Amino acid sequence: MKIVIAGAGSVGRYMAEQLNASGHTVRIVDNDAEAVARSRAISGGIEVVHGDACEVDTLARAGCRDADVMAAVTGDDEDNLVISLLAKQEFGVPRVVGRVNNPKNEWMFNDMWGVDVSVSTPHLLTGLVEEAVSVGSFVRLLSLEHGKARIAEVTLAESSPAIGQTLTGLNFPRESTVVAVLRDGHVLVPRGDTVLLRGDEVIMLALADAEDEVRRILIGSLPNG
């Protein structure tokens, strides 16, 4: 695949190196001369373009016209939004990935700005920290399709009504599914007759509308209920 990465910082360079090693054709574009020089030192023949990725001419030089994926991963959310919009509207790039630096801006990273997939590192880190310390709580790990679906984790506390129940018997809503159960450091592939135990980490995929019911099943009554 042909991939253009806007942003030659540590994130962009790492992505370029890994994707190039996987056999993809990668180009990096950045307007910082030092970052461009560091990127050109990467082995593997990655092409580096020096210029402002917020400008159409620069994106054209970077190969956006025939790119399969555009990744806007600069350290500036405004730049990432502009780059994403140009990549989608001016060049019709099939897949546009936008990096969110400030979680307060995540709501803007949607298809209106040309973003197909947004990645918020602060939200990911917060979710992982919560997952490590929370028992009996519904912890969102990852949002999909701009928040319409989420991957979440619940570590079953002693008071969980799900303990001793089979997955089939719990009657999860159709808009949700159990992805995995982590028990004693091992991953269990969920089956209908899998019985949940205290301390199990239940990984769920659920649409936003099903979250409250999933919480009720795994945790108990909601705070206002």
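Observations on the structure shown:
- Note on Lys104: lysines with a C-alpha under 24 Å away, same-chain residues under 8 apart excluded, are Lys88, Lys148.
- Two-site FRET efficiency, His24 against Ser137, from Cβ-Cβ distance with R₀ of 25 Å, rounded to 0.05: 0.05
- Taking a Cβ cut-off of under 14 Å around His50, the surrounding Lys, Arg, Asp and Glu residues balance to a net charge of -3, with basic ones at +1 and acidic ones at -1.
- Ranking of His50, His24 by count of other Cβ atoms within 10 Å, fewest first: His24, His50
- Computed label-point distance, nm, for sites Lys2 and Tyr14 using a 7 Å Cα→Cβ extension: 2.8 nm
- Positive dipole terminus of the chain, leading residue within Gly63, Ala21, Val115 (C-beta point charges): Ala21
- Taking 0.36 nm per residue of separation and subtracting the Cα-Cα distance, full extension of the segment from Leu207 to Arg95 would add 38.1 nm.
- Average Cα contact separation per residue, region 2-119, under 8 Å, 6 or more apart, as relative contact order %: 23 percent
- For region 13-60, size of Cβ-based charge dipole, Lys and Arg +1, Asp and Glu -1, in debye: 280 debye
- Note on region 134-218: with charges restricted to the Cβ of Lys and Arg (+1) and Asp and Glu (-1), its dipole about the Cα centre is near 40 debye.
- Most fluctuating residue given options Asp52, Asp212, Asp200, as computed from a GNM of the chain linking Cα atoms under 10 Å: Asp212
- Exposure proxy order (Cβ contacts within 10 Å, fewest to most) of Val11, Val4, Val97: Val11, Val97, Val4
Values quoted throughout were computed directly from the atomic coordinates according to the rules given, and no laboratory measurement underlies them. Here the structure is a predicted model, which means the values were calculated and not measured. Cβ: placed from backbone, ideal geometry, glycine included. Neighbour counts: every protein chain shown.
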